[in-house]
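Colleague: A single structure is presented below for examination.
The values are calculated or read from the model by the stated rules, or taken from the named source; none is laboratory data. No experiment lies behind these values; they were computed from the predicted model shown. Cβ sites come from the backbone with ideal geometry, for glycine too, and all protein chains shown count toward neighbours. Side chains are part of the model used for accessible areas, which takes the heavy atoms of the whole protein and leaves out ligands, DNA and RNA. Shrake-Rupley method; radii C 1.70, N 1.55, O 1.52, S 1.80 Å.
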Amino acid sequence: GPCRLVLGIHFALSHSFAETRAFLEEELGYSREKALNKALDMKRGIRDTSEPGAFTKGIVYFRGQRMVERFLAKGGDLRRLYVGKVSLPDLPLIEQIPGLLPPLLLPAFLREQSVKKRKKK
């Protein structure tokens, strides 16, 4: 899961490509092929594969996922996030924009949820 990815990136920041691939397989339990693919992702852009360092975009995605999970756990409405690419802390400010229209497109499961809520009223 995402926690293994964060642990792998943390390891890659201070280890070589070969060490990172081995860590992913032997310590984090990735299959041989998956460990190789994850190590390639983590070491993207590093010229000398014996050097430490990592491409850390996976951590940013993990943090975003956790923010959305906390938002939903507190009763947040997922449909609100389809207003555009905005950060959760900025959402209340964005929603104050005069004339802001509701999202044009929603995934099917959210459209169905909206219809069910309207029928209950």
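Colleague: May I ask you to verify whether LEU88 is under 21 Å from TYR61 (Cα atoms) and modelled with pLDDT of 90 or more?
Modeller: In short, yes.
Colleague: Here's a follow-up. Examine segment 91-103 for a residue that is among the aliphatic types (A, V, I, L, M), part of a loop (DSSP other than H, G, I, E, B) and open to solvent by 90 Å² or more (accessible area, probe 1.4 Å), and state whether such a residue exists.
Modeller: Yes, segment 91-103 contains a residue that is among the aliphatic types (A, V, I, L, M), part of a loop (DSSP other than H, G, I, E, B) and open to solvent by 90 Å² or more (accessible area, probe 1.4 Å).
Colleague: Would you confirm, using the coordinates I've provided, whether PHE71 is open to solvent by less than 80 Å² (accessible area, probe 1.4 Å), aromatic (Phe, Trp, Tyr) and not in a helix (DSSP H, G or I)?
Modeller: No: the conditions fail for PHE71.
Colleague: Now a separate question. Kindly indicate whether any position in segment 46-57 is among the hydrophobic types (A, V, I, L, M, F, W, C) and assigned to a helix (DSSP H, G or I).
Modeller: No.
Colleague: Out of all the residues in segment 16-40, which are within 16 Å of CYS3 (Cα to Cα), within 19 Å of the chain's Cα centre (by Cα) and open to solvent by 80 Å² or more (accessible area, probe 1.4 Å)?
Modeller: Of everything in segment 16-40, just one residue is within 16 Å of CYS3 (Cα to Cα), within 19 Å of the chain's Cα centre (by Cα) and open to solvent by 80 Å² or more (accessible area, probe 1.4 Å), namely LYS34.
Colleague: Just to be sure, is ALA39 of a type outside the set (Val, Ile, Thr) and outside any loop (DSSP other than H, G, I, E, B)?
Modeller: The answer is yes for ALA39.
Colleague: Find the residue count for segment 57-68, including only residues that are open to solvent by 60 Å² or more (accessible area, probe 1.4 Å) and either touching an Asp or Glu at 6+ places or on another chain (Cβ under 9 Å) or of a type outside the set (A, V, I, L, M, F, W, C) (or both).
Modeller: 5
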